[in-house]
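The values are calculated or read from the model by the stated rules, or taken from the named source; none is laboratory data. Predicted model only: the values in this text are computed from it and were never measured. Heads up, the Cβs are rebuilt from the backbone with ideal geometry, glycines too, and the neighbour counts pull from every protein chain shown. In case anyone asks, the SASA skips ligands and DNA or RNA and just uses the protein heavy atoms, side chains included. Shrake-Rupley method; radii C 1.70, N 1.55, O 1.52, S 1.80 Å.
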Amino acid sequence: HGIALLVNARGMSAAANALVLAGVWLLFAVVGPSCVNLLIAVRYPMPSRVEAAVEARAATQAVTVQGSQQLGQFLQDHPTTSSVGREGLRQFALLQAERDRKVAERLQAVETAFDAQLRQQQRLASWLSVLSPTMVAQNVLLDVAGTSTFRFAHFRAEVAAFQQRWRAYFEPRVLDAATLTESEYAAAPRFSYVDEPSELMLQRVAVPIAVMAFVGAAL
C-alpha cells in the first residue's frame, strides 16, 4: 500500500501507475528472490545430498572393511558358540562397538562439513531475505506452520539427544554380554518429541514483521 500511494502521488496516468507497480511487484516477488538464491549459491556452493552420501560411504568403507575383517577373524577363531563363552562374547561386542564408533566418527565429519555449509547459506539467506517482502512472508509462514529449517534443526537435536540416551542405556549391557530382562526392556528410553517453546518462534517472526511494517509506514 505504501508503494502504491508513493507511485500514485507522482501524478502519472493510471496505465503508467499500473505498469510501474507491476514492475515493482516483479522485482520483489520474482527477480529479487532469484537473485538472492543465485548469490547464495555462488557464495556458499552446496553439495548435493547424493554427493554427500557418496562421500560418507567412501569415508566409512575402509573402516567398515577393517572392522569386518577383525570380526571375521574372531569368528574363525571361535567357530561355535560353545567355544566362545561370556568373555568371548564381550570381546566380540567390543570389536563391534569399536568398528561402529570409527564409522560414526567418519560419518559425523562428513555431516558436520555439510551442515556447516548449510548454516552459512541459511545465515546469508536470512539477511538477504529483507530485500524481498515475499521471502520474508514465506519464512514467517513456514515458521508459524512448523516446517521451517529452525524447527527441523530442533527436531534433529531432539533425535540426537535421544540417541545418546539410548546408547548410554544399552551399550554397557551389550559390552557386558548381558541378557536383557523384561524389566530392563520396560525401563529403556522412549522417544518423546518436545517441541520448542512458542516464544522462540514468536521472536523469530516478530523482527521481519516489524521491519516490513516500518518500511510500509515509511513509504
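Taking 0.36 nm per residue of sequence separation and subtracting the Cα-Cα distance, how much length would be gained by fully extending the chain between R156 and Q138, in nm to one decimal?
Numbers: separation 18, 0.36 × 18 = 6.48 nm, distance 2.22 nm.
Gain on extension, R156 to Q138, equals 4.3 nm.
Roughly to the nearest percent, how much of the accessible area of the range 98-219 is carbon and sulfur, given a 1.4 Å probe?
That fraction is 65 percent.
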Percent of alpha-carbon pairs separated by more than 26 Å within the range 97-219: 46
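With r as the distance between the Cβ atoms of R165 and L39 and R0 = 35 Å, compute the FRET efficiency 1/(1 + (r/R0)^6) and round to 0.05. Each step should come with its number before you reach the end.
Details: r = 41 Å, r/R0 = 1.18.
Between L39 and R165 the formula returns 0.25.
For A104 and A178, compute 0.36 nm times the residue count separating them, minus their Cα-Cα distance, and round to one decimal in nm.
The span from A104 to A178 would gain 24.3 nm if fully extended.
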